[in-house]
Amino acid sequence: MKKFVLKSVLYLGLILLALELLVRAFHLHADDPPKMIDEFGVEKRVPGSTGHYVKGNRRQHFTHFSINGSGFNSYREFEPSKDKYEVALVGDSFIEGFHQDYDNSLGKKIEDRLPKVEVFEYGYTGATMAYQMHLVDAYGNRFDKIDKVILYMKFKNDFDSRKHRADYELVRMLKTLPFRIRENCKLWVYGSNYGMTLPIKNVAGAIWQGLNFTRGIDKRGVAVPEIVVSSVAERIENFRKLITTYGWDTEKTMLLLDSRVTDGRFLDFCDENNIRYLDFSTAFQKAKAPVTLVYDKHWNDYGRELIAGVIADYLQKEVEP
Amino acid sequence: MLFNSVQFALFLPIAFLCYWGITQIRPKAQNLFLIGASYLFYAWWDWRFLGLIAFSTVVDYVVGQRIYVHLDDRRRAKAWLMLSVMANLGLLGFFKYYNFFVDSFVDGLQALGYTPESSYTLNIILPVGISFYTFQTLSYSFDIYYRRLKPTTNFVAFAAFVSFFPQLVAGPIERASNLLHQIERSRKFHYTQAADGLKLILWGLFKKLVIADSLAPMVDDIFAHYGTYPSSTLILGVVMFSFQVYGDFSGYSDIAIGTAKLFGIELMSNFRFPHFSRNVAEYWQRWHVSLSTWFRHYVYIPLGGSRVSKRRAVFNIAVVFLVSGLWHGANWTFVFWGGFHALLFIPVFLLKRNRIYMESVIGQNSFLPSVKEIGQVLLTFGLVTFSRIFFRSPTLTDAFGYIQGIFTDVRIAAYTHPVGYRMIDYYVLMLLFVVYEYRIRKNERNPFHFKSPVIRFVLYVLVIFAMLLFYDDGVNRSFIYFQF
């Protein structure tokens, strides 16, 4: 009996080790470049990080990323100057673009169409409109030299707050030992990406709750306040507040959106306040193939081509011949 | 509690350690512990139906005693036997078939031009495993009635026999002569037995998580939209369903047998590589063996079996297959499925080829099967797979629509996964599975039977690695046979 238990534990350990090696050897796990918050309160990635983004258990989608000196995923460094035409693309994971090779990004596709233009992609996963406007404001010195600023937005997700607050707690937590161990256990990272560890976490959570209950710390009755921003009016009001806080250069700054998933009242608000936007919905509607990836909903190569076309067509008129 | 859940992954080692821990202190408490663990296992799904198991246990325990007392008075013994039959089939009839018979009756009336004013169907939940444990307890009463078995006087052992959790909800349907006798004796821990149990659990999990669960989304998609697909896709769909249902149910059985081994108990084999069968008779000696033998012993032989006129024997075979079909589910599709198998089996029986492959396996004395064997296996697999259109379709209309699609829209077109995954992965997976199953075809109880410990270890790792590679958190993880 003792021999059986000991041998089972030994085998389990060896099997886990072998699986860790296999996951690393076939590079099945996605890398997550470390996060940081700079002196301007802007969350970004640690400069110089490189790695791979993977989607699908069997590595069906595999791309490379490279974090530049400014802390954003891009093949180029961001060095704005007065003598070139520069565009800043600001947004969330769609702009950050881990799902594409960093040298085949939306910005690169725009540059391929307009050789005189340089595109700086300030993308950060989960970035809301508050984050984006804070970034533009915080990097004012650099953005003064940039000719055009395009903020990518999704109406449902991006207008939940009136002011940006950098999540120092999260960045600090990610640097703690348990998280560093977790990050270095690629088998766990791989399992987490595809929901394999979720049942384990659920059971562990239930046991933990049960322990708290037996210790007399029952939190079941405590109501957790939900932050629900459901009304369109509230979102628009948030945007108005953001404009008041961070300002809005109507000549230089514009939104990039899909009007099919944007409330008409928001578009009316933009029109009334001279906030310009680029709408790529028509291009997507006319698409002859899927515009998003199979394994997640980010734009695929074709989708990015279409959006690059929309942006380039607009910029063509602005860039000096 | 599903075998493929984290809850079971926690439950099993705790139960295992407590069980053998108790054994060292008080061996007689083994069965009490098994009852507690089994009832907890079942209650995890729905505690309200524990009463049914307890009811079935008490009835058959008492009936078994009474039959034995009146064995010389066949009329009274039969009366007691009928009580067991009525109690068990009454439970089964109410929970599983009540709505089916009411609906069928109403449909019949409507066909005659009479429409009842109100519906008499009930909103009944089917207690999981009811088809399995009622048949198990019934077999106990039958065996006493036919003088094959003496009733036990140990109620605790009998309760443990009925509720033994590894095989409670989906078999194998054990006979008292095998399982009860083991439970009546005190078990001792054997290293080899426990290690073999773990290997079977691992192989069963592979069949369930990798083969069955990864093919399920495609099977569901093709059967749900059969009207839009060409014949090549429809054939692919039902072939994949063959792999799915085999992986699902034989995987479950392997886990059940492996789990029982951990507790020092040997259950009967339920699947012996049925898809390598050379005719339909051999298939039924290899597929769901515990159910096939149950019907042979308690339906076919009491009806006269094959020791009657040819016409009567053919009738007996037809009855067994139709009843077996109905056992699977309260739906005419299953009756059709059973009837179709009867049609496949009867010619084999009449040609006296139903017992020729009982002692051998494909490629018995050679590394590769002969061309003739490959042809036989492909034909049998094709026929059995075709029958599964009835097994899988929700209604007869759907089943015939599916078949019509195969024969009318004859085209070859590439099928794309509903989520967009690479299809080649699944084709390679199925091919490797067939090759490996062929490699181990002579011993279903030891899927990792290799002398070299290094090869065995590599196989363990690869099997678990495949589970990771084909894990899909969007799949319904329940076992197909739970619905029966």
Note to self: Out of the residues in the stretch B:1-13 meeting the condition of being closer than 16 Å to residue B:168 by Cα, part of a loop (DSSP other than H, G, I, E, B) and within 11 Å of another protein chain (Cβ to nearest Cβ), tell me which one is least open to solvent (accessible area, probe 1.4 Å).
What the structure shows: B:4
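Would you call residue B:411 loosely packed, with under 12 Cβ neighbours inside 10 Å and more than 14 Å from chain A (Cβ to nearest Cβ)?
Yes: the conditions hold for residue B:411.
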Notebook entry, point to check: What about residue B:43, is it more than 11 Å from chain A (Cβ to nearest Cβ) and without any contact (Cβ under 8 Å) to a residue 12 or more places away in the chain?
Noted result: yes
Item checked: Test set (1) away from chain A (no Cβ under 14 Å); (2) in contact (Cβ under 8 Å) with a residue 40 or more places away in the chain; (3) under 26 Å from residue A:20 (Cβ atoms); (4) open to solvent by 20 Å² or more (accessible area, probe 1.4 Å) - residue B:395 fails condition number -> (3)
Next item on the list: Being in contact with a helix residue (DSSP H, G or I) (Cβ under 9 Å, 6 or more places away or on another chain) and either closer than 27 Å to residue A:249 by Cβ or among the acidic types (Asp, Glu) (or both) narrows it down to one of A:156, A:116, A:186, A:145, so name that one.
Entry: A:156
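Would you say residue B:16 is under 30 Å from residue A:203 (Cβ atoms), of a type outside the set (A, V, I, L, M) and not in a helix (DSSP H, G or I)?
no
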Checklist line | Exclusive hit being in contact with a Ser or Thr (Cβ under 9 Å, 6 or more places away or on another chain) and modelled with pLDDT under 95, set A:85, A:53 | finding: A:53
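Among the residues of the stretch A:246-285, write down those that are assigned to a loop (DSSP other than H, G, I, E, B) and touching a Ser or Thr at 6+ places or on another chain (Cβ under 7 Å).
A:258, A:274, A:275, listed by residue number.
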Next item on the list: Can you tell me which residue among B:81, B:40 is under 26 Å from the mean Cα position of the chain (by Cα), surrounded by fewer than 19 Cβ atoms within 10 Å (Cβ to Cβ) and of a type outside the set (Val, Ile, Thr)?
Entry: B:40
Check: Only one residue in B:309, B:250 is open to solvent by less than 10 Å² (accessible area, probe 1.4 Å) and small (Gly, Ala, Ser), so which one is that?
Finding: B:250
Item checked: Residue identified as closer than 24 Å to residue B:137 by Cβ, among the β-branched types (Val, Ile, Thr), open to solvent by less than 20 Å² (accessible area, probe 1.4 Å) and in a helix (DSSP H, G or I) among B:53, B:35 -> B:53
Item checked: Filtered residues of the stretch A:244-259 (kept if open to solvent by 40 Å² or more (accessible area, probe 1.4 Å), closer than 21 Å to residue A:95 by Cβ and either free of Cβ contacts under 8 Å to residues at least 12 places away in the same chain or aromatic (Phe, Trp, Tyr) (or both)) -> A:248
Check: Does the stretch B:183-192 contain at least one residue that is among the β-branched types (Val, Ile, Thr), within 30 Å of residue B:450 (Cβ to Cβ) and open to solvent by less than 10 Å² (accessible area, probe 1.4 Å)?
Finding: no
Check: Given (1) touching a Lys or Arg at 6+ places or on another chain (Cβ under 7 Å); (2) free of Cβ contacts under 8 Å to residues at least 12 places away in the same chain, where does residue B:112 come up short, assuming only one miss?
Finding: (1)
Next item on the list: Of all residues in the stretch A:260-275, count the ones that are loosely packed, with under 15 Cβ neighbours inside 10 Å and either without any contact (Cβ under 8 Å) to a residue 40 or more places away in the chain or among the small types (Gly, Ala, Ser) (or both).
Entry: 8
Check: How many residues does the stretch B:444-461 hold that are loosely packed, with under 13 Cβ neighbours inside 10 Å and of a type outside the set (Val, Ile, Thr)?
Finding: 3
Next item on the list: Those residues that are β-branched (Val, Ile, Thr) and away from chain A (no Cβ under 14 Å), I need them from the stretch B:420-447; list them, please.
Entry: B:434, B:435, B:440
Next item on the list: Might you check whether a residue that is over 25 Å from residue B:51 (Cα atoms), without any contact (Cβ under 8 Å) to a residue 12 or more places away in the chain and among the aromatic types (Phe, Trp, Tyr) occurs anywhere in the stretch B:131-145?
Entry: no
Next item on the list: Just one of (1) open to solvent by 20 Å² or more (accessible area, probe 1.4 Å); (2) farther than 25 Å from residue B:163 by Cβ; (3) in contact with a helix residue (DSSP H, G or I) (Cβ under 7 Å, 6 or more places away or on another chain) trips up residue B:302, so point out which.
Entry: (3)
Note to self: Step by step: first the residues of the stretch A:282-297, then only those that are open to solvent by less than 50 Å² (accessible area, probe 1.4 Å) and more than 14 Å from every other protein chain (Cβ to nearest Cβ), then the one that is farthest from residue A:61 (Cα to Cα). Which residue is that?
What the structure shows: A:283
Check: How many residues does the stretch B:194-221 contain that are away from chain A (no Cβ under 14 Å) and either touching a Pro at 6+ places or on another chain (Cβ under 6 Å) or among the acidic types (Asp, Glu) (or both)?
Finding: 3
Checklist line | The listed residue being more than 10 Å from chain B (Cβ to nearest Cβ), in contact with a Lys or Arg (Cβ under 9 Å, 6 or more places away or on another chain) and over 25 Å from residue A:110 (Cβ atoms), out of A:23, A:46, A:54 | finding: A:46
Next item on the list: Looking only at the stretch A:302-318, decide whether some residue is without any contact (Cβ under 8 Å) to a residue 24 or more places away in the chain, farther than 30 Å from residue A:59 by Cβ and assigned to a loop (DSSP other than H, G, I, E, B).
Entry: no
Check: Does residue B:387 satisfy the criteria of being under 28 Å from residue A:24 (Cβ atoms) and more than 14 Å from chain A (Cβ to nearest Cβ)?
Finding: no
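Suppose the filter is at pLDDT 95 or above and surrounded by 15 or more Cβ atoms within 10 Å (Cβ to Cβ); does residue B:435 pass it?
The answer is no for residue B:435.
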Next item on the list: Find all pairs meeting these conditions: Cβ atoms under 9 angstrom apart; at least six residues apart or on different chains; first residue within the stretch B:195-208 and within 17 Å of residue B:266 (Cα to Cα) and acidic (Asp, Glu); second residue at pLDDT 95 or above and crowded, with 24+ Cβ neighbours inside 10 Å.
Entry: B:196/B:258; B:196/B:261
Checklist line | Matching residues, the stretch A:92-111, being part of a helix (DSSP H, G or I) and either in contact (Cβ under 8 Å) with a residue 40 or more places away in the chain or in contact with a helix residue (DSSP H, G or I) (Cβ under 6 Å, 6 or more places away or on another chain) (or both) | finding: A:93, A:94, A:95, A:104, A:106, A:109, A:110
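The values are calculated or read from the model by the stated rules, or taken from the named source; none is laboratory data. Only a predicted model underlies this, so the values are computations on that prediction, with no experimental measurement involved. Glycine also receives a Cβ, built like all others from the backbone with ideal geometry; neighbour counts cover every protein chain displayed. The accessibility values were calculated without ligands, DNA or RNA, using every heavy atom of the protein model including side chains. Shrake-Rupley method; radii C 1.70, N 1.55, O 1.52, S 1.80 Å.
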